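The values are calculated or read from the model by the stated rules, or taken from the named source; none is laboratory data. The structure displayed is predicted, hence computed values, not measured ones. Positions of Cβ are generated from backbone atoms using ideal geometry, with glycine treated the same way; all protein chains shown enter the neighbour counts. Note: areas computed on protein heavy atoms with side chains; ligands, DNA, RNA excluded. Shrake-Rupley method; radii C 1.70, N 1.55, O 1.52, S 1.80 Å.
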Amino acid sequence: MPDQPVPEKLFGRYQEVVLLLLGFVLTTIVGGFLADRIQRRAWLQQHQIQTCETEQEVRTKGFAELSDRMDTRLLRMRALAWALERAKTLKDVEQERKLNREARDEWSSRVNSTLAFTQVYFGPDHYNMLLALNAGFADMFTKFNPIFDSGKPNPKAAHEIEDAIDAFNPSVYDFDLAMQRVIAAGTSTCSAQEPK
């Protein structure tokens, strides 16, 4: 067999060193690119999870405050109706009347921010439900006016107010339940974004 000529190396006697450096450079660039891309995706996913969890915290805390204020309004109106059913004079219910007005004032002083919060974090359907509840609270509050305008307790009228509050209460409950469902769905959404 004749000796075949040895093919010339592209980089001469430095062929191995050049190939090693070329491999190192390509691995560094491609590896760096892939690592950067993976790192960005992980950061973006983590950021989305944190944003979701922060929104859930705001939604949950805001709902708790709103629900407490609604329950306080119902309780104060109910306590005033009970006091009027037992009272001999309107002076007997002055403390309950004061507490009822304070609950109303607390509610009224934040009604716009509460409606805006509900619109942003729970959507237009819940906003409309709250708007209707707000009107219901106002209507319920005014039912006491004829008793106080008359200057004397009216147990029968007070009992009718209590019945009206009892009839209104399920609307508040339904609103609370609907908001709780939104919170639960949001929590599930945040959990679904977490890497497995």
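Quick look at the numbers
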{"item": "Of residues in segment 49-82 being open to solvent by less than 70 Å² (accessible area, probe 1.4 Å) and free of Cβ contacts under 8 Å to residues at least 40 places away in the same chain, the one farthest from Asp163 (Cα to Cα)", "result": "Thr51"}
{"item": "From Asp174, Asp149, Asp166, Asp139, residue being of a type in the set (Asp, Glu) and over 30 Å from the mean Cα position of the chain (by Cα)", "result": "Asp149"}
{"item": "All positions within segment 49-92 that are farther than 24 Å from Asn154 by Cα and of a type in the set (S, T, N, Q)", "result": "Gln50, Thr51, Thr54, Gln56, Thr60, Ser67"}
{"item": "Residue list for segment 100-111, filter: over 26 Å from the mean Cα position of the chain (by Cα) and open to solvent by 50 Å² or more (accessible area, probe 1.4 Å)", "result": "Arg101"}
{"item": "Residue match in segment 117-125 (condition: of a type in the set (Ser, Thr, Tyr), closer than 24 Å to Arg97 by Cα and open to solvent by less than 60 Å² (accessible area, probe 1.4 Å))", "result": "no"}
{"item": "Which numbered condition Thr27 fails, given (1) open to solvent by 90 Å² or more (accessible area, probe 1.4 Å); (2) within 41 Å of the chain's Cα centre (by Cα)", "result": "(2)"}
{"item": "Segment 145-158 residues that are among the aliphatic types (A, V, I, L, M), paired with ones that are in a loop (DSSP other than H, G, I, E, B) (beta carbon under 6 Å, 6 or more apart)", "result": "Ile147/Asn154"}
